[in-house]
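A short worksheet on the structure shown next.
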Amino acid sequence: MICHIDAGNGIPIYEQIERQVKFSIANGSLLVGERLPSVRELAVQAAVNVNTVARAYRELQQQGVLDSIRGTGMSVSAAAPDICRQDRLQMIRDRLRSVLQEALQNQISVQEVRSLVDSEWQSLTQQDSG
């Protein structure tokens, strides 16, 4: 399923797990009703503490992304795809806002920003198709 953990990126490990679960749901890799690995299984898989995975799962359950199934673990909730797509867009929006604030502070025009975005988008999409 997941989990690539980068201990040096500044994002808490439990949050990295949350994000990866959400992104997997948003892009359709994890489907509604699908069971997630147990806390212990994922902890071994990701080489992290069991409590860290438990915290991530608990947070996801509180957000309505995961449902607890008595005796079998966690599964993707019916509401999860919409929640995860909205969260993914919000994360991108937040990062984009930060970049735009920096551009504004450096007096980069809207046209220059659009040109940069178009250029980078084109470059990335060509890499993906090549």
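Assorted remarks:
- All conditions but one from (1) in contact with a Lys or Arg (Cβ under 7 Å, 6 or more places away or on another chain); (2) of a type in the set (Lys, Arg); (3) farther than 14 Å from Gln20 by Cα apply to Arg88; the one that does not is (3).
- Within region 32-52, the only residue that satisfies the criterion of being in a loop (DSSP other than H, G, I, E, B) and of a type in the set (Asp, Glu) is Glu34.
- Count of residues meeting criterion [over 16 Å from the mean Cα position of the chain (by Cα) and surrounded by 13 or more Cβ atoms within 10 Å (Cβ to Cβ)] in region 59-76: 5
- Against the conditions (1) free of Cβ contacts under 8 Å to residues at least 24 places away in the same chain; (2) surrounded by 12 or more Cβ atoms within 10 Å (Cβ to Cβ); (3) assigned to a helix (DSSP H, G or I), Ser123 satisfies every one except (2).
- Cβ-Cβ contacts under 8 Å between residues 6 or more apart (or on different chains), taken from a first residue in region 72-97 that is over 15 Å from Gly28 (Cβ atoms) to a second residue that is part of a helix (DSSP H, G or I) and among the polar types (S, T, N, Q), are listed as Met74/Gln61.
- Some residue of region 66-78 being among the aliphatic types (A, V, I, L, M), farther than 19 Å from Gln20 by Cβ and either part of a loop (DSSP other than H, G, I, E, B) or touching an Asp or Glu at 6+ places or on another chain (Cβ under 8 Å) (or both): yes
- Selected residue [crowded, with 16+ Cβ neighbours inside 10 Å, assigned to a helix (DSSP H, G or I) and at pLDDT below 95] from Arg88, Arg95, Arg55: Arg88
- Test: residue in region 9-31 that is assigned to a helix (DSSP H, G or I) and touching a strand residue (DSSP E or B) at 6+ places or on another chain (Cβ under 7 Å): yes
- Region 17-28 residues that are free of Cβ contacts under 8 Å to residues at least 24 places away in the same chain, paired with ones that are crowded, with 20+ Cβ neighbours inside 10 Å and not in a helix (DSSP H, G or I) (beta carbon under 6 Å, 6 or more apart): Ser24/Leu30
- Candidates Gln45, Gln63, filtered to the one that is among the polar types (S, T, N, Q) and at pLDDT 95 or above: Gln63
The values are calculated or read from the model by the stated rules, or taken from the named source; none is laboratory data. Everything numeric in this text was worked out from a predicted model, so none of it was measured. When we count neighbours, we look across all protein chains shown, and the Cβ atoms used for this are built from the backbone with ideal geometry, even at glycine.
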